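What follows is a short report on a single structure.
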Amino acid sequence: MANRITLNMITQRSIEEGVAMEKGKTTPEYFEACSIIEMHDDDVKALGLVPNQLVRVTSECGSVVVKAVRGRQSLYSGLAFIPQGVWANQVVPPRTQATGEPQYSGFPVTVEPANGEKRKSALELVQGAVGLWRGDQ
Amino acid sequence: MPKKVENVGCPYCGVCCDDLVVTVSDDGKKILEVENACAIGNQIFHHATGGERIRLPRLRQPDGSYKEISYDEAVDYAAKVLHNAKKPLIYGFGSTNCEGMAAAAKVAEKAGAVLDNCASICHGSSFLAIFDNGYPSCTLGETKNRADVIVYWGANPAHAHPRHMSRYSIFPRGFFTGKGHKSRKIIVIDPRHTDTAQVADIYLQVKQGHDYELFDAFRAVVRGHEIPDVVAGIKREQILEVANILKKARFGTIFYGMGLCHSDGRNHNVDIAISLTRDLNDFTKWTIMAMRGHYNITGPGAVWSWQYGYPYCLDLTKRDIAHMNPGETSSVDLAMRDEVDAFFNVGTDAGAHFPIDAVKHLKKHPWITVDPNICMASEISDLHIPVGIVGVEVPGIVYRMDNVPIQYRKVIDPPEGVISDEELFERIHKRLCELEAEEAAKGQVKAAPEGVRAESEP
Ligand code: SF4
């Protein structure tokens, strides 16, 4: 059975995301900047991941495949980070505590190796969600 | 000869750097060089003339493709969507000028729409806390010139506001803080050891979602009470040490970010941050400031408060009688409850930045995107209307994160034929008036509900 752990997810801006977003959300730069997850080494070990392995992240409202990378920042064990953007928002719960602000930071997710799966592009995720995706054009 | 334009404002983050120098080609069509900007600011200017731009509105066809149409046709389409909707939502405005925001508000009022800005998913919690508890703030200039202790709490300016530290907090030599870095103490409080934490004198790794408790502990200590051995993952001794530094400061500023607004507690986290600031003013001068994200996301709060009395989540369905109640009139909540029947995405990208469930709900109805560039919102829209880039191709007023208005300039012309947000909304407004007049002529005017209007003075 594959390993699976539960982590506390936060999604916030990274400078790579900021630069790539201005270049365009359909660029490879945006893809590489945002379709990633950062975790603590202990959690990476618990999942038995090799560097840059793909993982599936699932929350109460969705699921997404991202690449586990070692970032410049460090997190404590139990905390996970996906940069704000299209991939993060596949799993961000829309509950707002009656303020209008979704639960972008601090929601439980399960993380497991995504064997044999691929990361989807931003367009495929968003257009796919609303029935407009017509395959790689 | 290429032309150098000085004192150019950067249309990206809330730091609103206005010291950029942009070199424009001979023919005034290409941006050759950008000085003083950070990596993101640089990208904005280069992207404007570097790649392919959308020059005409694009209308979705039955086969899913886009077809170019004229601005007149786009204005007509947009006005009809607004006119026919019971409760349209006009959202965004992170990236446009105040002139565009005022024109959009005119449209929202005429259409009986909900008018909201990105604060709704960003610093909206700050507004709620500020309404409840006040805002002992200052300008960035005051921080630069006076502050000797600076706290970044749940904010990562190294990534989100790249020049914030060099212009205003850590590095500049201020009037009363001549030694720059050496005379300042920087405290970073964040669950992540970020690049910002890297340059801090003191870093506290607060447990995610437990900021409120840590603020509470600081308040207790500052007021002379006992606290437990560990609070929110931070040892008592460290809390005492930092509390002492806060009390002994000559002038301090707490800059806080999404770590407070996006976590459990939302506005309550900001509320207690303000209370701590007030407590500290019993000892010395402390101020607090929200790290507003986009360069002019402070703008709609200023413009719409002046127009209607509320900064965001404005329900204008009763036209000139505004009502604001986040949780009820906030974009994501409206979307999730399916309470709106048309969506305008203006100068933002809800397609990328809303939780995908909210996107799916909004997409059940007509979706129109107003933005210079291709983004996720434009790629799922029924209609995409391109506009000029404010700060690059369109001048205008923007409000910096400390509520200081700055006049932005343009350095080049927009691509031929492309209009500004302001002109677009003025034209939609005019078309809406025409549609209303046509209907009135047929005797079926879309009237305001009875009994809600105050009697006008004779
Ligand atoms: S810090 Fe912000 S305003 Fe200044 S150049 Fe960078 S992105 Fe632009």
Quiz item: What is the percent of Cα-Cα separations in the protein assembly as shown that go past 37 Å?
Solution: 33 percent
Self-check item: Nearest-ten-degree value, helix B:298-308 long axis tilted from longest Cα axis of chain B
Solution: 60 degrees
Quiz item: Interface B/A, total buried accessible area with a 1.4 Å probe, nearest 100 Å²?
Solution: 4600 Å²
Quiz item: Name the residues of the stretch A:102-121 whose accessible area falls by at least 50 Å² when all protein chains are present instead of the chain alone, probe 1.4 Å?
Solution: A:Y104
Practice problem: Excluding residues on the same chain fewer than 8 positions from A:K67, give the aspartates and glutamates whose Cα lies under 18 Å from its Cα. | Solution: A:E16, A:E17, A:E29, A:E32, A:E38, A:D41, A:D42, A:D43, A:E112, A:E117, A:E124
Quiz item: Taking the stretch B:20-107, which trypsin sites (Lys or Arg not before Pro) meet the DSSP loop condition and have no more than 13 other C-beta atoms within 10 Å?
Solution: B:K29, B:R55, B:K86
Practice problem: Output the relative contact order of chain A, whole-number percent, from Cα pairs under 8 angstrom with separation of 6+ residues. | Solution: 35 percent
Self-check item: 15 Å Cα-Cα reach of B:K185 towards aspartates and glutamates, excluding residues that sit fewer than 8 places from it in its own chain
Solution: B:D148, B:D201, B:E241
Quiz item: If you line up the Cα atoms of the stretch B:70-185 on their principal axes, what length do they span on each, largest first, in Å?
Solution: 61, 37, 22
Quiz prompt | Carbon and sulfur %, accessible surface of the stretch A:5-129 computed with the full protein complex present, 1.4 Å | solution = 52 percent
Quiz item: What does the helix-only formula give at 222 nm for chain B: each DSSP H stretch with n ≥ 4 adding -39500 (n - 2.57), the total divided by the residues, and the result rounded to the nearest 500 deg cm²/dmol?
Solution: -10000 deg cm²/dmol
Quiz item: What fraction of the Cα pairs in the stretch B:3-50, stated in percent, has a spacing above 14 angstrom?
Solution: 43 percent
Quiz item: Taking Cα atoms of chain B, Rg/Rh with Kirkwood Rh, to two decimals?
Solution: 1.01
Practice problem: Compute the longest continuous run of chain A that contains no exposed GluC sites (Glu not before Pro); treat a site as exposed when its DSSP state is not H, G, I, E or B and it has at most 14 other Cβ atoms within 10 Å. | Solution: A:1-59
Quiz item: Rounded, prolate or oblate: which fits the stretch B:174-303 when a ≥ b ≥ c are the square roots of the eigenvalues of the alpha-carbon gyration tensor, with rounded for a/c under 1.5 and prolate only if a/b beats b/c?
Solution: rounded
Quiz item: Using a probe of 1.4 angstrom, how much of the accessible area of the stretch B:37-170 is carbon and sulfur, in percent?
Solution: 50 percent
Quiz item: Cα axis of helix B:421-441 to longest principal axis of chain B: angle in degrees, 0 to 90, nearest 10?
Solution: 50 degrees
Quiz item: Taking the alpha carbon gyration tensor of the stretch B:362-450, what are the square roots of 5 times its eigenvalues, largest first, to the nearest whole Å?
Solution: 31, 19, 15
Quiz item: Tell me, what is the 1.4 Å probe accessible area of B:E142, in Å² to the nearest 10?
Solution: 80 Å²
Quiz item: Given the protein chains as shown and a 1.4 Å probe, how many square angstrom of A:V86 are accessible, to the nearest 10?
Solution: 0 Å²
Exercise. From zero up to wherever the largest Cα-Cα distance of the stretch B:351-413 sits, split into 10 Å bins and tell me the percent of pairs in each.
Key: 20, 33, 30, 17
Self-check item: Per residue, in Å², the accessible surface of the stretch B:124-290 once ligands and nucleic acids are set aside, probe 1.4 Å
Solution: 38 Å²
Quiz item: In peptide B:155-162, what is the residue-averaged number of other protein chain Cβ atoms found within 10 Å of each Cβ?
Solution: 4
Quiz item: Any idea what the relative contact order of chain B is, in percent, if you count C-alpha pairs under 8 Å spaced at least 6 apart?
Solution: 23 percent
Self-check item: Global form of chain A, assessed from the alpha-carbon gyration tensor, a/c cut-off 1.5
Solution: rounded
Quiz item: What fraction of the Cα pairs in the stretch B:208-264, stated in percent, has a spacing above 18 angstrom?
Solution: 37 percent
Quiz item: When only DSSP loop residues count, what GluC sites (Glu not before Pro) in the stretch B:14-60 have their Cβ near at most 12 other Cβ atoms within 10 Å?
Solution: B:E52
Self-check item: For chain B, with +1 on Lys and Arg beta carbons and -1 on Asp and Glu, the positive-most of B:C38, B:A249, B:S263 along the dipole
Solution: B:A249
Quiz item: With every protein chain present, what is the per residue accessible area of the stretch B:3-50 (1.4 Å probe, Å²)?
Solution: 40 Å²
Quiz item: Residue by residue through the stretch B:394-402, which ³J(HN,Hα) values in whole Hz follow from phi under the Karplus form 6.51 cos²θ - 1.76 cosθ + 1.60 (θ = phi - 60°), with glycine and proline marked x?
Solution: 10, x, x, 8, 10, 9, 5, 4, 9
Quiz item: Where a ≥ b ≥ c are the square roots of the eigenvalues of the C-alpha gyration tensor, would you call the stretch B:109-249 rounded, which needs a/c under 1.5, or, failing that, prolate if a/b is larger than b/c, or oblate?
Solution: oblate
Quiz item: On a 0 to 90 degree scale, rounded to 10, what angle separates helix B:71-84 from the longest Cα axis of chain B?
Solution: 80 degrees
Quiz item: If you count, for every residue in B:342-355, the Cβ atoms of partner chains within 10 Å of its Cβ, what is the mean?
Solution: 4
Practice problem: Any of B:K144/B:K248; A:K25/B:K29; B:K67/B:K360; B:K87/B:K364; B:K207/B:K235; B:K106/B:K363 with alpha carbons more than 21 Å apart? Name them for me. | Solution: A:K25/B:K29; B:K67/B:K360; B:K106/B:K363
Self-check item: trypsin sites (Lys or Arg not before Pro) within the stretch B:295-365, DSSP loop, no more than 14 other Cβ atoms inside 10 Å
Solution: B:K318, B:R337, B:K364
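The values are calculated or read from the model by the stated rules, or taken from the named source; none is laboratory data. Worth saying up front: this structure is predicted, and the values here are computed from it rather than measured. Because the Cβ atoms are built from the backbone with ideal geometry, glycine has one as well, and the counts that use them run over all protein chains shown. When the accessible area is computed, the model is the full protein with side chains, heavy atoms only, and any ligands, DNA or RNA have been set aside. Shrake-Rupley method; radii C 1.70, N 1.55, O 1.52, S 1.80 Å.
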